[in-house]
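What follows is a single structure, written as structure tokens, with notes after it.
The values are calculated or read from the model by the stated rules, or taken from the named source; none is laboratory data. These numbers were taken from a predicted model, which means no experiment stands behind them. Glycine also receives a Cβ, built like all others from the backbone with ideal geometry; neighbour counts cover every protein chain displayed.
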Amino acid sequence: MKKGTVLVSGGAGYIGTHTAVELVAAGYGVVIVDNLANSEACAVEGVRRITGIEVPFEQVDACDGQALRGVFEKYGFVSAIHFAAFKAVGESVADPLKYYRNNLTSFMNLCALMHEFGRSDVVFSSSATVYGQAGVLPVTERSPRLPATSPYGNTKQMAEDILRDCCAAYACMRGIALRYFNPIGAHPSTLIGELPRGVPQNLVPYITQTAAGIRPCLSIFGNDYPTPDGTCLRDYIDVVDLARAHVAAVDRMTQGRMEASYEVFNIGTGRPVSVLELVEGFERANGVEVPRKFAPRRAGDVPAVWADTRLAARALGWQAVRPLEETLRTAWAWEKRIRGIK
Ligand code: NAD
Ligand code: WQD
């Protein structure tokens, strides 16, 4: 049975496409809104091929309030998931206004229209970056948010606060912020995945491009951290598991199961994995070599962060299930497909 239609802003992007697929599989209608600032229209085609449904796509900049209003006038939504944002940490330091303008204006436009149209439920893509280097690991949702170290990270904290305040003020409004840890991998169909532009900033796309011969050598940033093997520890979450967390969040809202008008959940595996373990795991899972060297620490990196996932398991009935090895296989299968490697 059709459960109602979800607005997916930024839905042509990496996490948005995977989420659109899982929403359709769960019985929701989906409308993708994206200005293709960091994605390609073929990603929407991938969603359509996987789902077998002509998922509607509106090429709209969510910062353009009038254009976004047109989307609200055309469709009726039960809820919205807001992925639309710029996400390059370094670029945000170099050009903070670009990030504050895009990430916050788009989100405020969406919240204002949800409120105006009497649609109450908003899921926001937040990030583990809000925790900075936590003193106690794993981090729970009650761990303090530390002052952001980049404008990008600051937009996540500010948008969380905007959503919290709207939910406190507007009787009709409910919000869930999902704090993602490190999303990796691709859809097993290899029809959708991550499409980084230029030199990848994130570890897994750098690994896959190195394995593909596009980059000569992976630099492992820092091997003198106070961790078991000296490299940083992160919580790598399969993008399909992550996508399903959004379905669980939308279900919780639409089924009236929220315990407060604004809730926050960590979305990770709860398992720390070092950079070295990840690279070696990738090689083992795929039978390929990743040339690598140790390099100095990267500015702004925290030594270790991983999630306490108990709240998400209890409240959302969600947990990550995909084995890391399988996720790393999908990452390589995707890279091979887009490069035409056999
Ligand atoms: P992505 O760049 O692949 O997807 C974001 C999409 O939003 C892109 O398709 C882009 O074209 C679109 N977009 C940007 N600004 C827009 C605007 N003004 N109007 C309409 N569309 C716009 O990124 P992603 O990895 O899929 O990330 C999705 C969300 O999750 C972002 O908010 C990001 O900050 C957040 N997040 C990502 C990660 C990660 O590591 N990928 C981790 C934590 C949080
Ligand atoms: C992971 C580990 C690097 C590349 C970033 C953002 C964060 C969030 C997710 C959105 C680190 C190491 C990386 C490389 C390496 N995004 N590394 N060589 O830094 O945990 O988080 O993406 O919210 O805000 O900061 O992820 O994939 O960049 O790095 O050694 O070429 O891999 O030093 O230890 P990070 P990442």
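Points worth noting:
- Any chance Gly198 is closer than 28 Å to Leu97 by Cβ, without any contact (Cβ under 8 Å) to a residue 12 or more places away in the chain and not β-branched (Val, Ile, Thr): yes
- Only a single item in (1) away from ligand 1 (no atom under 12 Å from the Cβ); (2) touching a strand residue (DSSP E or B) at 6+ places or on another chain (Cβ under 6 Å) is not met by Gly70, and it is number (2).
- Members of the range 149-176 found to be within 14 Å of ligand 1 (Cβ to nearest atom) and more than 18 Å from the chain's Cα centre (by Cα), listed by number: Ile162
- Residues being assigned to a loop (DSSP other than H, G, I, E, B) and over 30 Å from Thr5 (Cα atoms) - total across the range 215-257: 15
- Tallying residues that are within 13 Å of ligand 1 (Cβ to nearest atom), more than 13 Å from Met158 (Cα to Cα), of a type outside the set (Val, Ile, Thr) and crowded, with 23+ Cβ neighbours inside 10 Å within the range 107-130 yields 2.
- Filter result for Arg179 (within 15 Å of ligand 1 (Cβ to nearest atom), under 23 Å from Arg314 (Cα atoms), within 16 Å of the chain's Cα centre (by Cα) and modelled with pLDDT of 95 or more): yes
- Exactly one residue among Thr105, Thr129, Thr140, Thr149 is in contact with an Asp or Glu (Cβ under 6 Å, 6 or more places away or on another chain) and in contact (Cβ under 8 Å) with a residue 12 or more places away in the chain, and that residue is Thr140.
- Count of the range 258-268 residues which are buried (at least 23 other Cβ atoms within 10 Å of the Cβ) and not in a strand (DSSP E or B): 1
- In the range 29-55, the residues that are closer than 14 Å to Gly13 by Cα and charged (D, E, K, R) reach residues that are within 13 Å of ligand 1 (Cβ to nearest atom) and modelled with pLDDT under 95 with C-beta atoms within less than 7 angstrom, at least six apart or across chains, in these pairs: Glu40/Leu195.
- Restricting attention to the range 202-220, the residues that are buried (at least 23 other Cβ atoms within 10 Å of the Cβ) and within 11 Å of ligand 1 (Cβ to nearest atom) total 1.
- Residue within the range 209-230 that is within 29 Å of Ala80 (Cα to Cα), within 11 Å of ligand 2 (Cβ to nearest atom) and not charged (D, E, K, R) present: no
- With respect to the conditions (1) within 25 Å of Leu110 (Cα to Cα); (2) surrounded by fewer than 16 Cβ atoms within 10 Å (Cβ to Cβ); (3) of a type in the set (Val, Ile, Thr), Val199 lacks only one, and its number is (1).
- Of all the numbered requirements in (1) in contact (Cβ under 8 Å) with a residue 12 or more places away in the chain; (2) surrounded by fewer than 22 Cβ atoms within 10 Å (Cβ to Cβ), Thr155 misses one, and that requirement is (2).
- Residue in the range 311-318 that is buried (at least 20 other Cβ atoms within 10 Å of the Cβ) and in a helix (DSSP H, G or I) present: yes
- Residue, nearest to Ala212 (Cα to Cα), within the range 269-302, restricted to residues that are among the charged types (D, E, K, R) and within 16 Å of ligand 1 (Cβ to nearest atom): Arg298
- Restricting the range 231-240 to residues that are within 11 Å of ligand 2 (Cβ to nearest atom) and touching a residue at least 60 places away in the same chain (Cβ under 8 Å) leaves a set whose member that is surrounded by the most Cβ atoms within 10 Å (Cβ to Cβ) is Ile237.
- Subset of the range 182-227 that is of a type in the set (D, E, K, R) and under 19 Å from the mean Cα position of the chain (by Cα) - its residue that is nearest to Gly11 (Cα to Cα): Glu194
- Reported count of residues in the range 47-69, each being within 23 Å of Ala248 (Cβ to Cβ) and either touching a His at 6+ places or on another chain (Cβ under 8 Å) or crowded, with 16+ Cβ neighbours inside 10 Å (or both), is 4.
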